Amino acid sequence: MPTISLPKRPDGDTLFFRLSFSSAVLILLVLTGIVLSLIDGGWMALREFGPGFVFRNIWDPVNGQFGAASAVYGTLVSSLIAMVIAVPLSLGVAIFLAELAPDWVSQPVGMAIELLAAVPSIIYGMWGLFVFAPWFSDGFQMWAADHLVDLPLIGHWFDGPPIGIGLLTAGIILAIMILPIVSSLVRDALKTVPNVLREAAYGVGATPFEVVTKVLLPAIKNAAVGASILGLGRALGETMAVAFVIGGANRIETSLFMPASSISSTIAQQFNEATDPLHISSLIGLGIVLFMLTFVVMGFARVLLKKKR
Amino acid sequence: MNLRKIKNFLFIGFCMGASALGLGVLASILYSLVSNGIAGMGWHVFTELTPGPGSFGGLKNAIIGSLMLTATGIVIATPVGILAGTWLSEADKNSRIADALRFLNGMLMSAPSILVGMFVYATVVVTTGGYSGWAGALALAILALPTIISATEEMLRLVPPTLKEAGSGLGAPRWIVITRLSYRAAGPGIITGILLSVARISGETAPLLFTALNSNFMTTDMGAPMANLPVTIYQYAMSPFQSWNELAWAGALLITTFILVINILAKALPALIKARKVRA
């Protein structure tokens with residue numbers, strides 16, 4: 001009896017899944033590539049200055065002396081200012097949209113806040129430099145120079161030239177940038193809280209304030225913290241908006257009105273002009289510090305956000 | 001009024017104030033974009049090349065360059081992103097590899113874009129010996145990739161299993177089921193994801209600074225430094241020349257309008273397609 005031999009066909013399934021698996025593995029390759037290329041590029045600076053590179057407070061391209069301290073300081077302080085302003089405001093917006101406003105208000109307002117998240121960062125930078133900074137200089141800094149400088153402990157924060165740009169301005173612009181991201185995440189989290197919880201709380205006579213602070217916020221604590229940290233991660237890595245308004249001085253100053261630099265703004269402003277290999281390597285070394293900062297912060301945020309789900 | 005009511009009153013006031021502040025900022029940004037942008041707008045923006053300091057010109061080369069860079073970036077990222085997203089959605093539920101890749105994809109999504117620029121500088125610009133449009137497009141592709149991956153995965157997961165079972169029941173191999181049935185069902189959602197990443201990368205500046213650089217010439221040669229809107233806006237806005245500042249505002253208005261329109265389109269698209277299907 002003759003046997004029928006089927007013609008040999010390439011197995012589509014195997015081919016397709018190999019192709020799609022290699023595409024997925026590309027994520028890992030790109031991330032590894034980023035890490036390796038940063039280490040390779042920053043190696044010279046790390047060897048020259050040692051691990052103390054991170055804490056050296058000097059950035060002097062003319063004499064070939066580099067350290068990350070002033071840029072790290074600028075990044076951390078501007079992001080901290082952004083968090084202090086943006087987190088309470090974002091919670092307010094999220095609560096307003098999810099709990100207080102009727103649908104016909106919360107739908108369009110929610111849409112508008114989401115559009116704010118889509119505006120590219122150079123636009124925030126331009127707006128910060130041309131619109132916000134002059135207003136801030138006249139409206140707040142002049143006033144602060146008269147009234148806040150003599151305050152105990154925090155007075156020296158406001159002791160500086162009222163030029164509109166500097167650390168504080170950078171922090172405020174960053175706050176405006178992360179506000180929509182944090183508030184839409186928190187709003188979505190609030191919407192996942194089952195209605196019976198609200199009804200039970202209102203049923204025993206709680207005010208909206210008590211319902212939110214005693215029932216809803218504890219229920220979404222992880223998601224809210226995760227969203228805030230995600231915002232922090234954005235603030236740490238943001239380049240263009242900060243480059244416009246931070247001033248570009250690689251110094252550590254206690255005054256928040258003084259021009260400063262963040263890691264990313266230093267890289268953006270100096271990378272193309274740097275010719276000294278050690279200068280280039282030090283800039284890439286700054287990139288390593290930024291990568292580690294954001295990786296730790298973002299990883300933490302994602303773990304927290306995931307727990308909630 | 002007792003203390004509880006006062007607290008509640010202040011609380012509601014704060015929440016409304018915060019929302020009003022957010023809207024106020026958006027309004028201020030849009031107002032300054034439109035008022036300054038229209039002042040610098042005109043046909044010359046689209047027909048003239050980027051000028052030297054203080055002279056007359058437009059943004060033609062930057063607009064064309066940006067369109068080319070964004071399009072190339074998306075063309076590179078889309079097939080890879082869709083395939084990777086497909087693998088993640090088909091992977092076993094307990095797969096550790098899939099979990100790890102998902103986590104890494106999230107990290108890549110939130111990696112500072114300037115670091116992606118440095119990576120492409122080190123791997124492409126240094127090895128090929130110069131700034132180029134290809135390097136810029138590749139940097140943009142890396143930024144678009146994670147969004148496309150996660151959108152594809154999410155959308156494919158929403159495809160009803162019965163649909164796929166019906167396909168398999170007819171004897172179709174898995175890859176036919178995925179490409180002919182799942183992709184069609186998840187299509188609108190995936191396209192939304194792609195549009196959103198178009199919107200994101202078309203405004204990115206930092207990754208282009210050391211990859212595509214910028215150029216004052218009209219070129220469609222992807223092997224040479226390429227003019228693009230974001231870097232041009234940055235340089236012109238930071239300059240002391242008023243004619244450059246005006247062009248920067250015109251460019252900023254163009255790019256923001258483009259991005260907001262794409263965003264609204266992307267969000268409206270699934271509903272639109274659904275409505276058409278119902279009518280048909």
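The values are calculated or read from the model by the stated rules, or taken from the named source; none is laboratory data. All figures in this text were calculated on a predicted structure; none of them were measured in a lab. Here the Cβ positions follow ideal geometry from the backbone for every residue, glycine too, while neighbour counts run over all protein chains shown.
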Can you tell me which condition A:S106 does not meet? The list is (1) surrounded by fewer than 17 Cβ atoms within 10 Å (Cβ to Cβ); (2) more than 8 Å from chain B (Cβ to nearest Cβ), and all the others hold.
(1)
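To keep it simple, each residue is scored yes or no on (1) in contact with a Phe, Trp or Tyr (Cβ under 7 Å, 6 or more places away or on another chain); (2) more than 26 Å from A:G171 (Cβ to Cβ).
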site: A:A45; (1), (2): yes, yes
site: A:G52; (1), (2): no, yes
site: A:V62; (1), (2): no, yes
site: A:A68; (1), (2): yes, no
site: A:G74; (1), (2): no, no
site: A:S79; (1), (2): no, no
site: A:I85; (1), (2): no, no
site: A:S90; (1), (2): no, no
site: A:A94; (1), (2): no, no
Could we say that B:A268 is under 29 Å from A:T266 (Cα atoms) and either within 11 Å of another protein chain (Cβ to nearest Cβ) or free of Cβ contacts under 8 Å to residues at least 40 places away in the same chain (or both) here?
no
Show the residue pairs that are 6+ apart or on different chains and have beta-carbon atoms under 8 Å apart, the first residue being within the range A:44-65 and on the phi > 0 side of the Ramachandran plot, the second being modelled with pLDDT under 85 and surrounded by 11 or more Cβ atoms within 10 Å (Cβ to Cβ).
none
So A:V93, is it at the interface with another protein chain (Cβ under 7 Å from one of its Cβ atoms) and assigned to a helix (DSSP H, G or I)
yes
Across (1) out of contact with any Cys (no Cβ under 8 Å at 6 or more places or on another chain); (2) crowded, with 16+ Cβ neighbours inside 10 Å; (3) within 14 Å of chain B (Cβ to nearest Cβ), A:F49 clears everything bar (3)
Sole residue being touching a Gly at 6+ places or on another chain (Cβ under 6 Å), at pLDDT below 90 and either surrounded by fewer than 19 Cβ atoms within 10 Å (Cβ to Cβ) or at positive phi (or both), chosen from B:P173, B:P160:
B:P173
Residue hits (the range B:182-211; within 9 Å of chain A (Cβ to nearest Cβ) and more than 16 Å from the chain's Cα centre (by Cα)) are B:L209, B:F210
Looking at A:P108, A:P61, can you tell me which residue is out of contact with any Gly (no Cβ under 6 Å at 6 or more places or on another chain) and over 29 Å from B:A252 (Cα atoms)?
A:P61
Spot the failing condition for B:V116; the list is (1) in contact (Cβ under 8 Å) with a residue 12 or more places away in the chain; (2) surrounded by fewer than 18 Cβ atoms within 10 Å (Cβ to Cβ); (3) β-branched (V, I, T); (4) within 14 Å of another protein chain (Cβ to nearest Cβ), and only one is missed.
(2)
Qualifying position, being surrounded by 18 or more Cβ atoms within 10 Å (Cβ to Cβ), more than 27 Å from the chain's Cα centre (by Cα) and either within 13 Å of another protein chain (Cβ to nearest Cβ) or of a type in the set (S, T, N, Q) (or both), among A:V186, A:V182, A:V211:
A:V211
Considering only the range B:228-255, how many residues are more than 10 Å from every other protein chain (Cβ to nearest Cβ), within 18 Å of the chain's Cα centre (by Cα) and not polar (S, T, N, Q)?
1
If you take the residues in the range A:264-282 that are touching a Ser or Thr at 6+ places or on another chain (Cβ under 8 Å) and touching a residue at least 40 places away in the same chain (Cβ under 8 Å), which one is nearest to the other protein chains (Cβ to nearest Cβ)?
A:S264
Out of the range A:270-279, which residues are surrounded by fewer than 19 Cβ atoms within 10 Å (Cβ to Cβ) and in a helix (DSSP H, G or I)?
A:P277, A:L278
Being surrounded by fewer than 23 Cβ atoms within 10 Å (Cβ to Cβ) and more than 19 Å from A:I288 (Cα to Cα) is the filter; apply it to the range A:65-86 and report the residue that is nearest to the other protein chains (Cβ to nearest Cβ).
A:I85
Please specify each residue of the range B:190-211 satisfying the condition of being part of a helix (DSSP H, G or I) and under 15 Å from B:Y121 (Cβ atoms).
B:A206, B:P207, B:L208, B:L209
Unique residue being surrounded by fewer than 23 Cβ atoms within 10 Å (Cβ to Cβ), among the β-branched types (V, I, T) and more than 10 Å from chain A (Cβ to nearest Cβ) when the list is B:T123, B:T128
B:T128
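For the range B:92-111, indicate whether the set of residues that are within 14 Å of another protein chain (Cβ to nearest Cβ), farther than 24 Å from A:V35 by Cβ and of a type outside the set (S, T, Y) is non-empty. Give the steps one after another, and end with the answer.
Start the filter on the range B:92-111 by keeping residues that are within 14 Å of another protein chain (Cβ to nearest Cβ), which leaves B:92, B:95-111.
Restricting the remaining residues to those that are farther than 24 Å from A:V35 by Cβ gives B:92.
Right, trim to of a type outside the set (S, T, Y) and you get B:92.
Checked the range B:92-111: at least one residue is within 14 Å of another protein chain (Cβ to nearest Cβ), farther than 24 Å from A:V35 by Cβ and of a type outside the set (S, T, Y).
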Conditions: (1) surrounded by fewer than 22 Cβ atoms within 10 Å (Cβ to Cβ); (2) within 14 Å of another protein chain (Cβ to nearest Cβ); (3) not in a helix (DSSP H, G or I). A:I165 meets all but one. Number of the miss?
(1)
When restricted to B:L49, B:L23, the only residue more than 12 Å from chain A (Cβ to nearest Cβ), of a type in the set (A, V, I, L, M), in contact with a helix residue (DSSP H, G or I) (Cβ under 9 Å, 6 or more places away or on another chain) and within 23 Å of B:T257 (Cα to Cα) is B:L49
